[in-house]
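Some notes on the structure that comes next.
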Amino acid sequence: QVQLVESGGGLVQAGGSLRLSCAASGRTFSSAAMGWFRQAPGKEREFVAGNNWSSTTTYYADSVKGRFTMSRDNAENTVFLQMNSLKPEDTAVYYCAAANGVRIGIKAYEYNYWGQGTQVTVSS
């Protein structure tokens, strides 16, 4: 059974940083696409970042470019999201997602597995 477990969320002041982790188990996502999404209250789930194990390209939402960095540890089957210069509008539940395929999608329906989410709150 595939499981994705996020950690690292919390409360931070504007301008601060957080690092989210997502540990995958149940299968190896050696070449599959993985992504980070977020959902704020009353809003739809939105794409934040995504890449696949073998890709040298990571895609980012315009709203986080230059501030967030997605990385991975293949040996540990883990992906990370380093979030710097956080803004109050970054406040949301952040979800890790994994796909069966290699295509890096930006829509939630393109991913097959989801973590439980971790809350990120940025105070002004």
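Numbers below:
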read-out	value
Debye, to nearest 20: dipole size of the chain, +1 on Lys, Arg Cβ, -1 on Asp, Glu Cβ	100
Sum of side-chain charges, residue 80 neighbourhood, beta-carbon under 14 Å (Lys, Arg +1; Asp, Glu -1)	-1
Environment charge of residue 32, counting only residues whose C-beta is closer than 14 Å and scoring Lys/Arg +1, Asp/Glu -1	+2
Whole-angstrom gap from the range 55-124 to the range 1-24, using each part's C-alpha centre	9
Rh by Kirkwood over Cα pairs, then Stokes-Einstein D for the chain at 1.567 mPa s and 4 °C, µm²/s	91
Taking the C-alpha atoms of the range 39-109, convex hull volume expressed per residue in Å³	98
By accessible area with a 1.4 Å probe, ligands and nucleic acids excluded, highest first: order of 36, 53, 114	114, 53, 36
Local net charge near residue 22, Cβ-Cβ under 10 Å (Lys/Arg +1, Asp/Glu -1)	0
Candidate aspartates and glutamates - alpha carbon under 15 Å from residue 107, same-chain residues fewer than 8 apart omitted	44, 46, 62
The chain, accessible surface, carbon-and-sulfur percent (1.4 angstrom probe)	46
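The values are calculated or read from the model by the stated rules, or taken from the named source; none is laboratory data. What you are looking at is a predicted structure, and each value in this text was computed from that prediction instead of being measured. Every residue, glycine among them, receives a Cβ derived from its backbone with ideal geometry; neighbour counts consider all protein chains shown. For accessibility, only protein heavy atoms count, side chains too; no ligands or nucleic acids. Shrake-Rupley method; radii C 1.70, N 1.55, O 1.52, S 1.80 Å.
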